[in-house]
Amino acid sequence: MKIAICPGSFDPITIGHMDLAARAAAIFDKVILCVMVNGEKNPMFSLAERLELARAATARLANVEAAACDGLLADFAQSSGACALVKGVRGASDLDWEIQMAQINRDLYPKLDTVFLPARPEHLHVSSTLVREMLRYDRPAAPYIPPETEELLRRIRQGKVR
Ligand code: PNS
């Protein structure tokens, strides 16, 4: 069975992430959307909240499961039996950094390769950063987030969950 991982901060998960996961799921037997810690970022949502949102969003995709990991991605890939990471790229500026990460991850676990999928043109402006800005300024994030996460996101923001 070919298992791929879609890793990211998912702070929070967007329709762009979901498109990537669905496309990866059409190529691989199983996809693990792994919510991770990016040491360079200070997230708006906790790892547990981001996982809960990712679980709600991916529930409808039969061969996609959501997981969380606060360790090294290469270690998680090895222990999950994954052969590939799937990353979305929005343009050339994404690619420089992503190629470095792909090389580091392969140094750490040589059986792990990275597959890049181009973002759909209609999603080029969609990012977690954009969603967080909408939330901060009380503007609708609905066009950019999976519909399954709208209510949960609202409750998390209101502090009613946890
Ligand atoms: O959505 P992001 O923030 O661009 O995702 C980056 C992420 C979380 C995939 C990356 O920071 C990561 O892999 N973090 C886990 C720790 C790790 O394995 N780092 C790579 C080796 S330096």
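A quick yes/no check of all residues on (1) within 11 Å of the ligand (Cβ to nearest atom); (2) surrounded by 14 or more Cβ atoms within 10 Å (Cβ to Cβ); (3) at pLDDT 95 or above:
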position: Asn38; (1), (2), (3): yes, no, yes
position: Arg60; (1), (2), (3): no, no, yes
position: Glu65; (1), (2), (3): no, yes, yes
position: Leu72; (1), (2), (3): yes, yes, yes
position: Ser93; (1), (2), (3): no, no, no
position: Leu108; (1), (2), (3): yes, yes, yes
position: Val115; (1), (2), (3): no, yes, yes
Subject >> Near pairs, Cβ below 7 angstrom, 6+ apart or cross-chain, from region 116-127 (of a type in the set (Ser, Thr, Tyr)) to any residue that is part of a loop (DSSP other than H, G, I, E, B) and surrounded by 14 or more Cβ atoms within 10 Å (Cβ to Cβ) >> reply: Ser127/Thr14
**OP:** Take Gly81 and decide whether it is on the phi > 0 side of the Ramachandran plot, touching a residue at least 60 places away in the same chain (Cβ under 8 Å) and either in contact with a Phe, Trp or Tyr (Cβ under 8 Å, 6 or more places away or on another chain) or more than 15 Å from the ligand (Cβ to nearest atom) (or both).
**Re:** yes
**OP:** Starting from region 17-40, keep only residues that are part of a loop (DSSP other than H, G, I, E, B), then list their pairs with residues that are more than 15 Å from the ligand (Cβ to nearest atom) and of a type in the set (Lys, Arg) whose Cβ atoms are within a distance under 6 Å, requiring at least 6 positions of separation or different chains.
**Re:** Phe28/Lys2; Asp29/Lys2
Original post:
Only one of (1) free of Cβ contacts under 8 Å to residues at least 40 places away in the same chain; (2) of a type outside the set (Ser, Thr, Tyr); (3) within 20 Å of Asp113 (Cα to Cα) fails for Arg55. Which number is that?
Top reply: (3)
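The values are calculated or read from the model by the stated rules, or taken from the named source; none is laboratory data. This is a predicted model, so every value here is computed, not measured. Don't worry about glycine lacking a Cβ; one is built from the backbone with ideal geometry, like all the others, and counts go over all protein chains shown.
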